[in-house]
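Undergrad: This is the structure I want to talk about, given as C-alpha cells.
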Amino acid sequence: NAGVMQNPRHLVRRRGQEARLRCSPMKGHSHVYWYRQLPEEGLKFMVYLQKENIIDESGMPKERFSAEFPKEGPSILRIQQVVRGDSAAYFCASSPPRGDEQFFGPGTRLTVL
Amino acid sequence: AQSVSQHNHHVILSEAASLELGCNYSYGGTVNLFWYVQYPGQHLQLLLKYFSGDPLVKGIKGFEAEFIKSKFSFNLRKPSVQWSDTAEYFCAVNGRGFKTIFGAGTRLFVKA
C-alpha cells in the first residue's frame, strides 16, 4: 500500500507565478489535510478537505491560496501570484473516514525567487 | 485557544544520555496525542500516539511518552539516545477527525 504521495518534491517559482502542489492520499483515505512548515517553525494547519468538500479552511490565507479535493484525482493546493514569503515546505496528510491518525507525505519544498 | 507548547527548541546530548522532551497542550474535549520525528531531509514519521487507555505509551526505536491529563502534558522520553536519534521532534494533538495542532518542534543533536 503506497503511502501519501506529493509532487513535485521541489518547486521553484518566480514572484507572481502560480504554484500547484499535488497530493495523492493513501488508498482508502478520503480525508486530506494540508500543512505549511516555515523555516524554524513547526507545521501550521492550513486546510482540511474531504472528497469535493472543504471542511475547515481556518488556516488558509484569505487571498491567493485555494485548495480542492475532487471526486477523481489528487488534492491540489494552489497558490496564485506567489511571493517570497510563500517559500516553505508544504505537507499533505491523509486519514481514513473516522480516523484519528494522519499519515504524512514527503512534502513539497516551494522556493520563490 | 488550541495550542501545543514544546519547552525546548534545541537540545544537545551525548550518546547514552537520557532524553526527555516536554510537551504541554491546550485543547478542549477528548484529545489524541502524537509525537512525530523528522530526520534530516526526510518527511514526518510517527514515533508514537496516545488515543486512550494506558497513559504510558511505547513507540518505535525505544521511545516512550506519558500522558498526564491533570498537567495537560505528553512528554517524550528515551533512556539512552544514539547518534542516529539526531532529528527534529514534534508534539501534536488533535480531536477526532479534525486538524492537528503541532508544537514548534525540538531539534535534538546527539554527539557521538
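Undergrad: For the cross-link pairs A:LYS44/B:LYS49; A:LYS71/B:LYS49; A:LYS62/B:LYS99; B:LYS61/B:LYS99; A:LYS27/A:LYS51, which exceed 24 Å when the distance is taken from alpha carbon to alpha carbon?
TA: A:LYS71/B:LYS49; B:LYS61/B:LYS99
Undergrad: Assuming a viscosity of 1.306 mPa s and a temperature of 10 °C, what translational diffusion coefficient in µm² per second does Stokes-Einstein assign to the range A:1-107, Rh being the Kirkwood radius over Cα pairs?
TA: 114
Undergrad: Among B:ASP54, A:ASP100, what is the fewest-to-most ranking by other Cβ atoms within 10 Å?
TA: Going from sparsest to densest Cβ surroundings: B:ASP54, A:ASP100.
Undergrad: By a straight-distance test (C-alpha under 16 Å), which lysines pair with B:LYS111 as possible cross-link partners, with residues fewer than eight away in the same chain excluded?
TA: B:LYS78
Undergrad: Can I ask one more? Over all directions, what mean area does the Cα convex hull of the range B:1-93 project, stated in square nanometres?
TA: 6.1
Undergrad: Then there is this: Among A:GLU18, A:GLU41, A:GLU52, determine the one that fluctuates most according to a GNM of chain A built with springs between C-alpha atoms less than 10 Å apart.
TA: Of A:GLU18, A:GLU41, A:GLU52, the Gaussian network model singles out A:GLU41 as fluctuating most.
Undergrad: Which residue, B:ALA16, B:ALA87, B:ALA65, tops the fluctuation ranking in a GNM of chain B built on C-alpha contacts under 10 Å?
TA: For chain B, modelled as a Gaussian network with Cα springs under 10 Å, the answer is B:ALA16.
Undergrad: For an R0 of 41 angstrom, estimate the FRET efficiency from the Cβ-Cβ distance between A:ARG22 and B:TRP83 and round to the nearest 0.05.
TA: Step by step, r from the Cβ atoms, then E = 0.70.
Undergrad: With springs only between Cα atoms under 10 Å apart, run a GNM on chain B and tell me which of B:ILE60, B:ILE12, B:ILE68 wobbles the most.
TA: Of B:ILE60, B:ILE12, B:ILE68, the most mobile in the Gaussian network model is B:ILE60.
Where a number appears in this text, it was derived from the coordinates with a stated rule and is not lab data. Computed from a prediction, not measured in an experiment: that's the story for all the values here. Note that each Cβ is placed from the backbone with ideal geometry, even for glycine, and that neighbours are counted across all protein chains shown.
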